[in-house]
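Engineer: Before I ask anything, here is the structure I am working with.
The values are calculated or read from the model by the stated rules, or taken from the named source; none is laboratory data. Predicted model only: the values in this text are computed from it and were never measured. Here the Cβ is made from the backbone with ideal geometry for all residues, glycine too, and neighbour counts use every protein chain on show. For accessibility, only protein heavy atoms count, side chains too; no ligands or nucleic acids. Shrake-Rupley method; radii C 1.70, N 1.55, O 1.52, S 1.80 Å.
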Amino acid sequence: MPSALTYPGVYVEEVPSGVRTITGVATSITAFLGRARRGPVDKAIVINSFGDFESIFGGLWNSSTLGFAVRDFFLNGGGQAIIVRIYQPEPAAQGEEAGPPATASLTAGALKFVAATPGKWGVNLRVEVDTKGVSDEMAKALGAALTKADLFNLTVRDTSTGKSEKYVNLTVKDSPRRVDKVLEANSDLIRYDGAPAPETVIKAEPDELGKLENDLAAAKKKLTDDQNSGFAAPALEDDKNKLTAAKKALDDKLDEKAKAVSDGAWLTVTNFLPVGGLTDKKGLYALEQADLFNILCIPPYRNPTDPLDVDVNLVSAAAAYCEKRRAMLIVDAPLDWTSKDKARDKFNDANNDNVGTRSKNAALYFPRLLQP
């Protein structure tokens, strides 16, 4: 805005130049969509290495081609990828009203938790409640209605990765430290199951699997100590029987927990193109959460026993979306393209379009790569 001139003289006004520096943007950010063992669902997550993929999404998995595509991307010099995990709940078995739950559950006393994301990976979670270090002073600082007996600490461990989280001075009563609010805002591993009841009695103890693991560790220690002390064979035999029983109890409970939760079913086109997907930013359109991607890769997502290819409707929608986002779509060529002559003929056959798109922003990868 020009200065107001109030008296004669020489005035200097700086005018911004119309010249702007051209800022370079990345040209190799590749987005991948598909199944994974773990991780957020319908969220566009940026990763910078396959190690990130292993940590967040569980790494290679024989029930999905996604991990293998991401691994090969980084092995071939890829720098940054965006991953969208898509999850299809498992249908109910014959005679059942509903399929198995998507998330694993844990209880520590009267406190109930669930894994933060779907999949059997949640069976590896352990929680333990303790009251070490809680005080009346902290309770008063959190709210006049709270007492020392209302506070507890929570330790969460993922035994498959070694990752752990600890939260102190939690409560089930209305407070900034209410357990469900704190876990929702901070935890990558668990959530509170529902809303906590204010009358819940807090008890310092581990979850059910944690107790069984402690029993097994105690039985192993007892046997080792007795062996080192030179105990007679009858006493050692009793120790061995207790150790065997503790191991069986843990294995049976692990098996029960694993069967009670699902890794999800094979995907279909509706998982990528759900009703209201663009509005809700789900499926393919979860990529609306990403500012930029240059390549979109949709690895094969069907059951290997299913002879169908990537659905032509999905290829068409994905190609149109790539045109909108100025990106390039890459998918595998149809399975019946078994030679270059068949590929040429089928691609040029206007009366039998099994491609799904003629977009300049799409490429069919032929021949399909095969590896052991």
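Engineer: Top to bottom by accessible area (1.4 Å), largest first, where do PHE57, PHE73, PHE366 land?
Structural biologist: Details: PHE57 0, PHE73 35, PHE366 70 Å².
Output order, biggest surface exposure first: PHE366, PHE73, PHE57.
Engineer: A further question on this structure: Using the Cα centre as the reference, give the magnitude of the dipole from point charges on the C-beta atoms of the chain (Lys, Arg: +1; Asp, Glu: -1; all else neutral), rounded to the nearest 20 debye.
Structural biologist: About 520 debye.
Engineer: Then there's this: Distance from a point 7 Å along Cα→Cβ of SER28 to each backbone N in region 260-294: keep the residues under 14 Å and list them by number.
Structural biologist: 294
Engineer: If a paramagnetic tag sat 7 Å from the Cα of ALA290 along the Cα-Cβ line, which residues of region 41-66 would have the backbone N under 19 Å from that point?
Structural biologist: Inside the label zone: 41-60, 65-66.
Engineer: Hey, if we sort SER164, SER316 by accessible area with the 1.4 Å probe, largest down, what's the order?
Structural biologist: SER164, SER316
Engineer: When the scattering of region 47-96 is computed by the Debye formula from its Cα atoms alone, each counted once and equally, what is log10 I(q)/I(0) at q = 0.13, 0.19, 0.25, 0.28 Å⁻¹?
Structural biologist: -0.37, -0.63, -0.94, -1.12
Engineer: So, one more: Report the local net charge at GLY39: Lys and Arg +1, Asp and Glu -1, summed over other residues whose C-beta lies under 10 Å from its C-beta.
Structural biologist: +3
Engineer: Pairwise over distinct Cα atoms, reciprocal of the mean inverse distance: report the Kirkwood radius of region 122-280 in Å, one decimal place.
Structural biologist: 19.3
Engineer: A further question follows. Quick one: accessible surface of LYS324, probe radius 1.4 Å, all protein chains present, in square angstrom to the nearest 10.
Structural biologist: Roll a 1.4 Å probe over it and LYS324 shows about 120 Å².
Engineer: Of the listed pairs LYS163/LYS282; LYS43/LYS340; LYS43/LYS120; LYS148/LYS242, which have alpha-carbon separations greater than 31 Å here?
Structural biologist: LYS43/LYS340; LYS148/LYS242
Engineer: Two-decimal Rg/Rh of region 254-372 from alpha-carbon positions, Kirkwood Rh?
Structural biologist: 1.03
Engineer: Can I ask one more? For ASP336, tell me the accessible area in Å² from a 1.4 Å probe, rounded to the nearest 10.
Structural biologist: Counting only protein heavy atoms, the figure is 60 Å².
Engineer: Please work out how much length the chain gains when fully extended from LEU60 to VAL201, using 0.36 nm per residue of separation minus the C-alpha to C-alpha distance, in nm with one decimal.
Structural biologist: Values: separation 141, 0.36 × 141 = 50.76 nm, distance 4.19 nm.
Gain on extension, LEU60 to VAL201, equals 46.6 nm.
Engineer: Using only Cα atoms, what Kirkwood radius does the chain have, in angstroms?
Structural biologist: In the chain this quantity evaluates to 25.2 Å.
Engineer: Give me the net charge for the shell around GLY119: Cβ to Cβ below 9 angstrom, other residues only, Lys and Arg +1, Asp and Glu -1.
Structural biologist: My count for the surroundings of GLY119 gives +2.
Engineer: Now, a different point. Work out, in µm²/s and without decimals, the Stokes-Einstein translational diffusion coefficient of region 12-138 at 37 °C, 0.692 mPa s, Rh from Kirkwood over C-alpha pairs.
Structural biologist: Estimated diffusion coefficient is 177 µm²/s.
Engineer: Related question: For region 264-325, state the semi-axes of the equivalent ellipsoid (square roots of 5 times the eigenvalues of the alpha-carbon gyration tensor), sorted largest first and rounded to whole angstrom.
Structural biologist: The equivalent ellipsoid of region 264-325 has semi-axes of 21, 13, 10 Å.
Engineer: A further question follows. Using a cut-off of 10 Å between beta-carbons, work out the net charge of the residues near ALA204 (Lys and Arg +1, Asp and Glu -1, ALA204 not included).
Structural biologist: Details: positive: LYS132, LYS203; negative: GLU128, ASP130, GLU205.
That works out to -1.
Engineer: Now a separate question. Probe 1.4 Å, all protein chains in place: accessible area of TYR321 in Å², nearest 10?
Structural biologist: Rounded to the nearest 10, that gives 10 Å².
Engineer: Counting each DSSP H run of 4 or more residues in the chain as -39500 (n - 2.57), what helix-only mean residue ellipticity at 222 nm follows after dividing by all residues, to the nearest 500 deg cm²/dmol?
Structural biologist: Using -39500 (n - 2.57) per qualifying helix, the result is -9000 deg cm²/dmol.
Engineer: For VAL12, VAL312, VAL261, write out the residues from largest to smallest accessible area, computed with a 1.4 angstrom probe and no ligands counted.
Structural biologist: Per-residue accessible area, sorted high to low, gives VAL12, VAL312, VAL261.
Engineer: Okay, next question. Treating cross-link reach as a plain straight distance, find the lysines whose alpha-carbon is under 16 Å from the alpha-carbon of LYS240, omitting any fewer than eight places away in the same chain.
Structural biologist: LYS220, LYS221, LYS222, LYS248
Engineer: Treat region 294-362 as a sphere of radius equal to its Kirkwood radius over Cα pairs and apply Stokes-Einstein at 37 °C in a medium of 0.692 mPa s; give the translational diffusion coefficient in µm²/s, rounded to a whole number.
Structural biologist: Answer from the Stokes-Einstein relation: 258 µm²/s.
Engineer: Put +1 on the Cβ of each Lys and Arg and -1 on the Cβ of each Asp and Glu in the chain; which of TRP337, GLY39, GLN88 then has its Cα farthest toward the positive end of the dipole?
Structural biologist: TRP337
Engineer: So, in nm, how far is label ALA249 from label VAL168 when the simple model puts each one 7 Å beyond its Cα toward the Cβ?
Structural biologist: 3.3
Engineer: Any chance you could get the radius of gyration and Dmax over the Cα atoms of region 227-268, in Å?
Structural biologist: 18.8, 63
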